[in-house]
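The values are calculated or read from the model by the stated rules, or taken from the named source; none is laboratory data. The structure displayed is predicted, hence computed values, not measured ones. As a convention, Cβ positions derive from the backbone with ideal geometry for all residues, glycine included, and neighbour counts pool all protein chains shown.
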Amino acid sequence: MKKLLVLVIAIILVLSLTAVSMAAVTVSGFLRYNLDSSTGTFNNGYSRVGINVDDVVNDQLTIHAQIRNESAAAKWYDSNVTTGSTTFLNDYYATIKQSFGTFKIGQWENDFWGDVDVFDPDNDSLWMTPCAIEFAPKLSGGFTAAIWYNPVLAKDADISKPVNQDCQNGAVPVGVPGLGAYTVSVGYAADALSVEAAYGNLGQTNKNVDILLNDNSWTILNVSYKVIDPLKLFVHYDSTGHDIYTNEILGANYAFGKTGFSTQLEYDFAYNNANDKPIGLGLYYSANKMNYTFYYINNVSGKNTYSYELRAQYNF
C-alpha cells in the first residue's frame, strides 16, 4: 500500500511537470532565527529556513512541497542530541478537488491547536506520517469536516518518539502514528464564532507505551469568539483516552489596530495533569515582510520555572 501511494504521488508530480507551461508555479518561504532561554540568559540559538513550491496544475489538481533546513534540529527534543544542520523534505502532498469534496495525499502537518500559539510556538502537528490520505466533503452553511487516515506502518512507528526518520525529523509532539491511525474532525465558522472538534487514534505502532495505558485515542476541541473587532477569546482542550496527557487552555488575543502590534495571553488549567499550571504571554510585531515575536512562559504553581524565546522571521 505504501509503495502504491508513493507511486500515485510520483505519477501526479510527473503529470504536473508535463503541464508546467500551463501551470501556475509559485515559490515562497521564510527565514527564521530563534533565541530561547530557561535560565535567564539567552542561549540555544537556532535557525530555520523553509522553501515552499506550489504548482496549480489545473482547477482540480495542485501540488505542494516544502524543503526545510534547521540548525541543530533535534536539540529541541533531547538536550543530549547534538545534531547539526539538517535539510529535509518537511511536507509534500497533492490536492485533488472534486464537485463533492477534496482529496489530499502525502505528508503534512495536522495542526489541531486552534488559536494556541504561546504553548505551541512552532505550530506543530498533532502527528505526521510519510503517506496519508484525507477526504474533506464539500459542505455549506459554514460547516466543515475531514477524515484523515494513515494506511501504512512506518518503520519506526512509536508514539513515544518525537523524531523519526520516516518523517524526515519533522516536529511530532505526540509521535509517529501507526497503521490504521485516523482523525475525524468537524467544524463550524460563522461571523465571530468558530468551533472545531476532532477525535483520533494513533493506530498500531511497533512499541507499547505504558504511560498511555494501551489507549491511543485523542480528543480535541477548539472554540474561539471575537468579542469585539480587536479582541478574541479562545478555548483549547485535548486529552488522551485515560487523561494521562491533558491540556485545558484559555486564551485571549488583542490586536492594536493597524500598528502591527498584538499580544496573546494563555493559561493551561490542566497541563499534562501535573501540578504545574503554566501561563504564557506572546508579544508580536509585523511590518512589511518581517515578523518579531517574544514568548514568555511561567509556572504559577508547582515548580517555579520560566522560559522565554525571541524570534525574528522574514517571509518571502
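Observations, loosely collected:
- The set of residues in the stretch 220-235 that are modelled with pLDDT of 90 or more and surrounded by fewer than 14 Cβ atoms within 10 Å (Cβ to Cβ) comprises V227, I228, P230, L231.
- Of the residues V25, V14, the single one that is in a strand (DSSP E or B) and either over 15 Å from Q107 (Cα atoms) or at pLDDT below 90 (or both) is V25.
- When S307 is tested against the conditions (1) loosely packed, with under 15 Cβ neighbours inside 10 Å; (2) part of a strand (DSSP E or B); (3) modelled with pLDDT under 85; (4) not charged (D, E, K, R), the lone failure is (1).
- Sub-6 Å Cβ pairs linking a first residue in the stretch 217-241 that is closer than 26 Å to Q204 by Cβ to a second residue that is assigned to a loop (DSSP other than H, G, I, E, B) and among the hydrophobic types (A, V, I, L, M, F, W, C), at least 6 apart or interchain, are I220/F112, ordered by first then second residue.
- Between D243, D238, D276, the distinction of being in contact with a Ser or Thr (Cβ under 8 Å, 6 or more places away or on another chain), at pLDDT below 80 and acidic (D, E) belongs to D276 only.
- The residue that is modelled with the lowest pLDDT, among those in the stretch 246-273 that are among the hydrophobic types (A, V, I, L, M, F, W, C) and assigned to a loop (DSSP other than H, G, I, E, B), is A270.
- Residue count, the stretch 191-216 (criterion: over 30 Å from N253 (Cβ atoms) and either outside any strand (DSSP E or B) or modelled with pLDDT under 80 (or both)): 15
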